Amino acid sequence: MTEPTGVVPEATTATEHAHYGYMSEKAKYLARLKRIEGQARGIHRMVEEDTYCIDILTQVSAMTSALENLGLALLDDHLKHCVLEAAQQGGPEAEAKLAEASAAIARLVKS
């Protein structure tokens, strides 16, 4: 679509986008991240205090699970908002968003 001046507007980049899928849940995500930060500090303290290895590994596992769940929730929001919107508009933007989501899924699976 062209503007009245005949100038074609540039595509919006990810950094210029005003609203991402997670924005409606931002407070929830920030709270989850704060808990994860606390878990990391707790693990650090456990190592400083020479805590038993298995107890530390148990906390590492809990933190890993918390990060994975956060990543999956963010991915879900991304698919429901950013990817869906791009797919509805079609064209190269849709293909780019699908490829981006696929790459993100691959990274999550590998972790």
Exercise. Residues R32, R41, R107: which one is more than 17 Å from the chain's Cα centre (by Cα) and either free of Cβ contacts under 8 Å to residues at least 40 places away in the same chain or in a helix (DSSP H, G or I) (or both)?
Worked result: R41
Exercise. Taking into account only those residues within the stretch 40-76 that are in contact with a helix residue (DSSP H, G or I) (Cβ under 7 Å, 6 or more places away or on another chain) and β-branched (V, I, T), which is nearest to E25 (Cα to Cα)?
Worked result: V60
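Looking at this structure, is A66 among the small types (G, A, S), surrounded by 14 or more Cβ atoms within 10 Å (Cβ to Cβ), touching a residue at least 24 places away in the same chain (Cβ under 8 Å) and touching a Lys or Arg at 6+ places or on another chain (Cβ under 8 Å)?
Numbers: among the small types (G, A, S): yes; surrounded by 14 or more Cβ atoms within 10 Å (Cβ to Cβ): yes; touching a residue at least 24 places away in the same chain (Cβ under 8 Å): yes; touching a Lys or Arg at 6+ places or on another chain (Cβ under 8 Å): yes.
Yes, satisfied.
Every number in this text was worked out from the coordinates using simple rules, so none of it is lab data. Not measured: the values here are computed from a predicted model. Note that each Cβ is placed from the backbone with ideal geometry, even for glycine, and that neighbours are counted across all protein chains shown.
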